[in-house]
Structures are given as structure tokens and as C-alpha cells.
1. Over the chain, give the accessible area per residue in Å² for a 1.4 Å probe, as an integer.
2. Given a Förster radius of 25 Å and the C-beta distance between residue 230 and residue 161 as r, what FRET efficiency does 1/(1 + (r/R0)^6) yield to the nearest 0.05?
3. For the chain, build the charge dipole from Cβ charges (+1 Lys, Arg; -1 Asp, Glu) around the Cα centre, then report which of 48, 38, 21 sits farthest towards its positive end.
4. For region 104-245, what is the per residue volume of the convex hull drawn over the alpha-carbon atoms, in cubic angstrom?
5. Provide the net charge surrounding residue 107, with neighbours chosen by a C-beta distance below 9 Å and charges set as Lys +1, Arg +1, Asp -1, Glu -1.
6. Quick check: residue separation of residue 152 and residue 54 times 0.36 nm, minus the Cα distance between them. What number comes out in nm?
7. So, counting K/R as plus one and D/E as minus one, what does the shell of residues with Cβ under 10 Å around residue 94 add up to?
8. Between region 80-133 and region 143-192, what is the separation of their alpha carbon centroids in Å?
Amino acid sequence: MGDSHTGDRRMGDGWTAVPGAAERARSVLAASWSCAVTADGGREEFVGAHTVDEDGRVHLYVPEDSSLLTAAICAPRGEPSAVLEFADVAPVPVRHRVRGRLWLAGWFVPEDDHLVLHPTRVVLKQPTGAVVVALDEFAEARPDPLATAEAQLLTHLADAHPDAVERLTRLVRHDSLHGAVRVQPLAVDRHGLTLRIERARAHGDVRLPFHAPADDVGQLTERMHVLLTRASTASCPRALQRQRTDGDG
């Protein structure tokens, strides 16, 4: 199975689908609002200056006086001459908010009023490590359908429904909650919700899989309702009971 497809990973007592590397890379690209570009020994930061086409090519709109524009025009055609870096930042304030990074190496081609990156190498770094994504899989993959809505969805869950977040911890194994001082929603994709469990000096992440993929926000609402219903019938984790008793929460 290629990285552009969804993989299976054992979580807890069963199997749950997770996004493949190519899909995850495209999701980071789709949701990112800014990027850093290194070319010809220089580095520039751009905010709201890029778009992405269906093949994953980045279209970058830079000022006319940008040194990047000069470097792109003068660079040998077809040789890697630039690296674009995108940070995958958790929308909810948590420790170590950068969930991953995406690097695209390649060369720029001037096109009308902007530059188009032709990638030669795609690298995705996640907590589990870095992986090189095949270029054909990257081009064929599509972002997770919730990628561009994730920030709003998670901040709403954390700010407006902290009681729901606490209830969801009933689906987490008790030993994973030992010493927990705070639990926040970290990520969501069509296959599941990830919670960040913070302790005094460490943290860990737990994934709660959906019973079926959610291809839009409407389906996500139903999947979350199912999780909360399951959580309502589960016992309250002892770790959080101790936390509230000790006044650590």
C-alpha cells in the first residue's frame, strides 16, 4: 500500500485507519497559511502568499524586489535551488504546538506574476519520524476533507465544549491519564480525533478513532456524537478524579 492511501495502525485493543504520509503532507500544505523559503543562501518568510494546485504544486506570489525572484530567474533550470518549509501548528494552545513540518525541495519557474515550484523531493516530519514521500504519490494524493476546517473545529471544541473534552477522556485507558494535569484536542481528521494529555513534565497523545470516516463537517458532527455517547456510558477515569481532588486541574 502506498503512502497516498490510508494506513492501518494498531491503537489500544483494535485497528484504526490513519492518514498516509502523502495525504498528511497534502493536508499540511492545504491548511498552512505561511511558509519559509530558502534559496541562494537566503531565507524569507511569506504569509498568505501562496496557493496550491490539484497536483500539489505551490504557486508563490512574491514582491518584485524580493531576492527570491532574482534567484529563481537566475537559477539553472531543472536543478534543485529552493526549499519551502511549512509548519503544522496545533490550533489549540498546547505544549510543543508544532505537530510536524513539511519540506518541498525543487526549483522555481516564473509564471505570469508569480513563481511555481517544481518539486524534486518531499519530506514530512512527524513525531514518529521523517519520511520521504514519493513525488507521484504526493501529486495524486488529496488533502484530508477536514484539513482546512480543522482549526475552527478544534478551537470551538476546546473553548465552547471543555465538558465534552473531559467526557471523551473516559475513552482513554486509565494508565494513559496517570498524572494528567490538562487534556486538549490536538488534531482531527476524517478517521479520528487526537487528544494531547499533558502532565507536569511530559505529555502524550491518544487517538480516538471514529466508527466510520467523516468526509465533511456534517458527518464529523455525527462521528463526534457517537464518541460522546460511548464516553457517557464509560466510567470516569480515576486519574482525572485524583486530579480534581488534589486541585491540579
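1. Details: 13080 Å² over 249 residues.
Ligands and nucleic acids excluded, the figure is 53 Å² per residue.
2. According to the calculation, E is roughly 0.95.
3. 21
4. 161
5. Values: positive: 77; negative: 79.
Within the 9 Å Cβ shell, the charges total 0.
6. Working: separation 98, 0.36 × 98 = 35.28 nm, distance 2.34 nm.
Difference between extended and current length: 32.9 nm.
7. Numbers: positive: 95, 97, 99, 182, 196; negative: 198, 205.
The answer is +3.
8. 25
The values are calculated or read from the model by the stated rules, or taken from the named source; none is laboratory data. If you're wondering where the values come from, they're calculated on a predicted model, not measured in any experiment. Heads up, the Cβs are rebuilt from the backbone with ideal geometry, glycines too, and the neighbour counts pull from every protein chain shown. Each accessible area value is taken on the protein alone, full model and side chains, heavy atoms only, with ligands, DNA and RNA left out. Shrake-Rupley method; radii C 1.70, N 1.55, O 1.52, S 1.80 Å.
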